[in-house]
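**Q** Sharing a structure with you now.
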Amino acid sequence: MDPPVIFIVDDDASVRTAIRRLLLSLHLPVRMFGSAEQFLSQTECGTRGCVVMDLRLPGMSGLQLQQHLAGVEWNLPTIIVTAFDDDALRDTALRQGAIAYLRKPFDRQEFLASVHAAVAKSGKCGSS
């Protein structure tokens, strides 16, 4: 079985790079994308792992990406990492199944624990 992949979807290149560096401590493959559309066009449904994403992205938002993944029944857990502390958005993201909603700058240990939890829940397309 292939190792899980951590997908980072954030329009800020410096944020993507910082999160990637942190994730290297887990020794898991990391792939980075600047938009939800780029992620969807370059990733095959069925890859195990999780998505670490911002809410406010160019084009499709993080919440829309989360809904899309659920719609294709891709059990790819999401972790929201955002600069916006909005109770309504947080509640929606968590209700839609996000493992965590973390505000930038986030606590390193809380983030890594969220990634471990998300990877443990990941599955293939069509699996719950």
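The values are calculated or read from the model by the stated rules, or taken from the named source; none is laboratory data. A quick note: this is a predicted structure, and the numbers were derived from the prediction, not measured. Because the Cβ atoms are built from the backbone with ideal geometry, glycine has one as well, and the counts that use them run over all protein chains shown.
**Q** Could you list, ordered by first residue, the pairs with Cβ atoms under 9 Å in which the first is in the range 25-41 and among the hydroxyl-bearing types (Ser, Thr, Tyr) and the second is part of a helix (DSSP H, G or I), at least 6 apart or interchain?
**A** Matching pairs, first to second residue: SER25/LEU112.
**Q** Same structure again: Suppose the filter is under 16 Å from ASP11 (Cα atoms), within 13 Å of the chain's Cα centre (by Cα), crowded, with 16+ Cβ neighbours inside 10 Å and not β-branched (Val, Ile, Thr); does GLY34 pass it? If you could, list the steps in order and put the result at the bottom.
**A** Numbers: under 16 Å from ASP11 (Cα atoms): yes; within 13 Å of the chain's Cα centre (by Cα): yes; crowded, with 16+ Cβ neighbours inside 10 Å: yes; not β-branched (Val, Ile, Thr): yes.
Against the criterion (under 16 Å from ASP11 (Cα atoms), within 13 Å of the chain's Cα centre (by Cα), crowded, with 16+ Cβ neighbours inside 10 Å and not β-branched (Val, Ile, Thr)), GLY34 qualifies.
**Q** If I filter the range 99-125 down to residues being among the aliphatic types (A, V, I, L, M) and under 23 Å from ASP2 (Cα atoms), which single residue comes out as surrounded by the fewest Cβ atoms within 10 Å (Cβ to Cβ)?
**A** Looking only at the range 99-125, we keep the residues that are among the aliphatic types (A, V, I, L, M), and these are 99-100, 102, 112-113, 115, 117-120.
If we keep only those that are under 23 Å from ASP2 (Cα atoms) too, we end up with 99, 112-113, 115, 117-120.
Numbers: ILE99: 23, LEU112: 14, ALA113: 13, VAL115: 24, ALA117: 14, ALA118: 22, VAL119: 19, ALA120: 11.
The qualifying residue surrounded by the fewest Cβ atoms within 10 Å (Cβ to Cβ) is ALA120.
**Q** Now, a different point. May I ask you to list pairs of residues, at least six apart or on different chains, whose Cβ atoms are under 7 Å apart, with the first in the range 100-128 being among the acidic types (Asp, Glu) and the second being at pLDDT 90 or above?
**A** Sorted first by the residue in the range 100-128, then by its partner, the pairs are GLU110/LEU102.
**Q** Name the one entry in GLY46, GLY71 that is more than 11 Å from the chain's Cα centre (by Cα), modelled with pLDDT under 95 and under 16 Å from VAL119 (Cα atoms). Quick ask: steps written out before the conclusion?
**A** Values: GLY71 fails: under 16 Å from VAL119 (Cα atoms).
Just a single option satisfies the conditions, and that option is GLY46.
**Q** Quick one: count up the residues across the range 1-14 that are surrounded by fewer than 18 Cβ atoms within 10 Å (Cβ to Cβ) and at pLDDT below 95. Even if it seems obvious, please write down each step before you answer.
**A** Narrowing the range 1-14 to residues surrounded by fewer than 18 Cβ atoms within 10 Å (Cβ to Cβ): 1-3, 11-14.
Right, trim to at pLDDT below 95 and you get 1-3.
So the answer is 3.
**Q** Still on this structure: Inside the range 1-48, can you point out the residues that are in a helix (DSSP H, G or I) and over 21 Å from MET60 (Cβ atoms)?
**A** Going residue by residue through the range 1-48, those that are in a helix (DSSP H, G or I) are 13-26, 36-42.
Hits for the range 1-48 are SER14, THR17, ALA18, ARG20, ARG21, LEU22, LEU23, LEU24, SER25, LEU26.
**Q** Within the range 104-128, restricting attention to residues that are small (Gly, Ala, Ser) and part of a loop (DSSP other than H, G, I, E, B), which residue is modelled with the lowest pLDDT?
**A** So in the range 104-128, the residues small (Gly, Ala, Ser) come out as 113-114, 117-118, 120, 122-123, 126-128.
Those left that are additionally part of a loop (DSSP other than H, G, I, E, B): 122-123, 126-128.
Working: SER122: 85, GLY123: 74, GLY126: 63, SER127: 50, SER128: 46.
The qualifying residue modelled with the lowest pLDDT is SER128.
**Q** Quick check, is THR82 under 23 Å from ASP12 (Cα atoms) and in contact with a helix residue (DSSP H, G or I) (Cβ under 6 Å, 6 or more places away or on another chain)? Steps first, please.
**A** Numbers: under 23 Å from ASP12 (Cα atoms): yes; in contact with a helix residue (DSSP H, G or I) (Cβ under 6 Å, 6 or more places away or on another chain): no.
Judged against the criteria, THR82 is not a match.
**Q** For the range 49-91, name all the residues that are under 26 Å from ASP107 (Cα atoms), in contact with an Asp or Glu (Cβ under 7 Å, 6 or more places away or on another chain) and surrounded by 13 or more Cβ atoms within 10 Å (Cβ to Cβ).
**A** MET53, ASP54, LEU57, GLY62, VAL81, THR82, listed by residue number.
**Q** Inside the range 50-103, can you point out the residues that are hydrophobic (A, V, I, L, M, F, W, C) and assigned to a strand (DSSP E or B)?
**A** Of the range 50-103, the ones hydrophobic (A, V, I, L, M, F, W, C) are 50-53, 55, 57, 60, 63, 65, 69-70, 72, 74, 76, 79-81, 83-84, 88-89, 93-94, 98-100, 102.
Within the range 50-103, CYS50, VAL51, VAL52, MET53, TRP74, ILE79, ILE80, VAL81, ALA100, LEU102 meet the criteria.
**Q** Here is a further query. So GLN42 clears everything in (1) surrounded by 15 or more Cβ atoms within 10 Å (Cβ to Cβ); (2) closer than 19 Å to ASP2 by Cβ; (3) not hydroxyl-bearing (Ser, Thr, Tyr) except one condition, right? Which one?
**A** Evaluating GLN42 over (1) surrounded by 15 or more Cβ atoms within 10 Å (Cβ to Cβ); (2) closer than 19 Å to ASP2 by Cβ; (3) not hydroxyl-bearing (Ser, Thr, Tyr) leaves (1) as the failure.
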